[in-house]
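Participant: This is the structure I want to talk about, given as structure tokens.
Bear in mind these aren't lab numbers, they're just calculated from the coordinates by the rules spelled out. Given the structure is predicted, the values throughout are model-derived calculations rather than measurements. Counting neighbours? That spans all protein chains shown, and the Cβs are built from the backbone with ideal geometry, glycine included.
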Amino acid sequence: MKLTLHEVGKVVGAKNDVTIYEDFVLNKIEFDSRLIESGDLFLPLKGARDGHDFIETAFEKGATATFSEKEVTQPHILVEDCLKAFQDLAAYYLKKTQVQVIAVTGSNGKTTTKDMIHDVLATTFKTYKTQGNYNNEIGLPYTVLHMPDETEKIVLEMGQDHMGDIHLLSRLAQPSIGVVTLIGEAHLEFFGSRDKIAEGKMQIADGMATGSPLIVPADEIIRPYMPTGLEVVRFGDNAELTITDLSEAKDSLTFKTNFLRLAITLPVPGKYNATNAMIAAYVGKLLDVSEENIVSALANLKLTRNRTEWKKAGNGADILSDVYNANPTAMKLILETFSAIPANAGGKKIAVLADMKELGEESVALHSQMILSLNPDVLDSVIFYGEDIAELAQLASQMFPIGHVYYFKKTADEDQFDHMLTKIKEILSPTDQILLKGSNSMNLAKVVEALEK
């Protein structure tokens, strides 16, 4: 982070005279006092605990200065709002470094697409990306201010929990290329309708300059929110970007696009990943990455942990783990993929499905709609875990043979997680394939870990 103390004070409009302190280049900025190292700037944010309570600790760890919303005895930059100062500083730093920003949002696939775009661009440019899930009003500026020196391109993931989140992040980052992967039902509890989710996602355009490319799904729901003045490029059936000749295997897929000469092979399953890769390839093409580099990067892809991936159970069974998050669109897509993959010789296909969170008043109904994605001719057994998923379990029990549907509660009064795990181990044979899908808070990752052992 090439910023000096006096420079930071000027950028954020410090309310005190920062020039009374020695000017020096700051090492980095941290809001967690445990991560402070010598020469750092501390950022005391207000959360479950007030970060101001840790200013002294930060200096003991080696901080040279701190932001603060009140006068303190240590060298400090006095501001009205530490978070806003943090965001203003990140916006300034992007302008100062002139790093090109590619922004990615969407209800599904944004992390995978971000990873793919990063890997494509990294073949040609010094590229950085959002780490982990640092995609909100704190994580995004943190990512910007922690990008390595000499970064040329930065791929920023933008998440939304409430209306206006994407507007704030886009105005801060001012992307030169914007991507919306999909409009689904994530955080429906806070938005009320899919239309409102679409409106929120399309705010990615709010910080983009006239003429900038915005890549969006060919989904009619976004039409009322389509921005003017941008170069809108749609993907999907009968759109500007399309997929052809898709061939899907258990742990890979191959396809062609209408804008590249070479075919693309991915080392991951799921035809929805072909769409994500097509977007990444198109961003690469926009930025003059060669076709050979695009194809090579996608063929050697390394995705963020806990996204869709095949693992091995201790007894030899194949595990398709997709346990980071869930909403109806994502669950439908992974069930479609799992059902299409040929079963192992002599093996069964088992699905473990847990509650999808933050779906609001329609949660039970949205869970129940998943019955259309459960095929008794393909799936041998289905295990349900949660509360809102109970009605879906009841519907499935009427479709599947007796003894092939299991339901385990997770309510405020009762959690049958251990019983579920026991049942899974009991029915899982070495030649089977098992899919696990649910929201992160349902702890299916623990099931995966237990099966791997």
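Participant: Which residue, L353, M331, L428, has the largest displacement toward the positive end of the dipole of the stretch 303-453 when charges sit on each Cβ (Lys, Arg +1; Asp, Glu -1)?
Facilitator: L428
Participant: Right, next: To the nearest 10 degrees, how steeply does helix 110-121 sit against the main Cα axis of the chain, on a 0 to 90 scale?
Facilitator: 70
Participant: At q = 0.20 Å⁻¹, work out log10 I(q)/I(0) for the stretch 1-80 with the Debye formula, treating every Cα as an identical point scatterer and leaving solvent out; two decimals please.
Facilitator: Cα-only, vacuum Debye calculation for the stretch 1-80: -0.80.
Participant: Moving on. Amide H neighbours of V232 under 5 Å, counting only residues 5+ apart in sequence or on other chains, H built in-plane at 1.01 Å?
Facilitator: The answer is L214.
Participant: Take the alpha carbon gyration tensor of the stretch 197-239, find the square roots of its eigenvalues, order them as a ≥ b ≥ c, and report rounded if a/c is under 1.5; if not, report prolate when a/b exceeds b/c, else oblate.
Facilitator: oblate
Participant: If only Cα atoms are counted, what is the Rg of the chain, and what is its Dmax, in Å?
Facilitator: 24.0, 78
Participant: With +1 assigned to the C-beta of every Lys and Arg and -1 to the C-beta of every Asp and Glu, and no other charges, what is the dipole magnitude of the chain about the Cα centre in debye, to the nearest 20?
Facilitator: With only Lys, Arg, Asp and Glu charged at Cβ, the dipole is about 1000 debye.
Participant: Kindly write out, for the stretch 252-267 in residue order, the coupling ³J(HN,Hα) from the Karplus curve 6.51 cos²θ - 1.76 cosθ + 1.60 (θ = phi - 60°), rounded to whole Hz, with x marking Gly and Pro.
Facilitator: Residue by residue, the stretch 252-267 yields 6, 8, 10, 7, 10, 10, 8, 10, 10, 6, 8, 7, 10, 10, 10, x Hz.
Participant: Also, quick follow-up: Do any GluC sites (Glu not before Pro) in the stretch 130-183 lie in a loop, going by DSSP, with at most 11 other beta-carbon atoms within 10 Å of their beta carbon, and if so which?
Facilitator: In loop regions of the stretch 130-183 (DSSP not H, G, I, E or B), the sparsely surrounded GluC sites (Glu not before Pro) are E150.
Participant: Binning at 10 Å from 0, report for the stretch 222-315 what percent of all alpha-carbon pair distances ends up in each bin.
Facilitator: Histogram of Cα-Cα distances, whole percents per bin: 14, 43, 28, 12, 2, 0.
Participant: Any chance you could run the full-extension gain for D161 through S38? It's 0.36 nm times the residue separation minus the Cα-Cα distance, nm to one decimal.
Facilitator: Using 0.36 nm per residue and subtracting the Cα-Cα distance, I get 40.8 nm.
Participant: Now a separate question. Could you work out how far apart the two model spin labels at T411 and D245 are, taking each label as a point 7 Å from the Cα in the direction of the beta carbon, and quote it in nm?
Facilitator: The two pseudo-label positions are separated by 5.5 nm.
Participant: Tell me the mean residue ellipticity at 222 nm calculated for the chain from its helices only (DSSP H runs of n ≥ 4, each -39500 (n - 2.57), averaged over every residue, nearest 500).
Facilitator: Roughly -9000 deg cm²/dmol at 222 nm, from the helical runs in the chain.
Participant: Follow-up question, since we're still on this one. How large is ³J(HN,Hα), in whole Hz, for each residue of the stretch 429-440 in order, when computed from phi with the Karplus curve 6.51 cos²θ - 1.76 cosθ + 1.60 and θ = phi - 60°, using x for Gly and Pro?
Facilitator: Here the 3J(HN,Hα) series is 9, x, 9, 7, 10, 10, 9, 10, 9, x, 5, 4 Hz.
Participant: Shifting gears a bit: What residues have an amide H closer than 5 Å to that of A65, excluding those fewer than 5 places away on the same chain, when H is modeled at 1.01 Å from N in the peptide plane?
Facilitator: F42
Participant: Under a 5 Å amide H to amide H cut-off, with H placed in plane at 1.01 Å, what residues pair with K129 once short-range neighbours are removed?
Facilitator: When sequence neighbours closer than 5 places are left aside, the close amide H contacts are V155.
Participant: Hey, got a sec? Which chymotrypsin sites (Phe, Trp or Tyr not before Pro) in the stretch 203-307 land in a DSSP loop and have at most 10 other Cβ atoms within 10 Å?
Facilitator: Loop-located and lightly packed - none at all.
Participant: Give me Rg over Rh for the stretch 296-453, both radii from the alpha carbons and Rh done the Kirkwood way, two decimal places.
Facilitator: Result for the stretch 296-453 is an Rg/Rh of 0.95.
Participant: Please identify the GluC sites (Glu not before Pro) of the stretch 1-101 that satisfy two criteria: DSSP loop assignment and at most 14 other Cβ atoms within 10 Å. Which are they?
Facilitator: Counting only loop positions with at most 14 other Cβ atoms within 10 Å, the GluC sites (Glu not before Pro) in the stretch 1-101 are E22, E37, E71, E80.
Participant: Report Rg/Rh for the stretch 130-181, rounded to two decimals, where Rg is the Cα radius of gyration and Rh the Kirkwood radius.
Facilitator: 0.94
Participant: At 20 °C and 1.002 mPa s, grab the translational diffusion coefficient of the stretch 385-453 from Stokes-Einstein with a Kirkwood Rh over Cα pairs, rounded to a whole number in µm² per second.
Facilitator: 163
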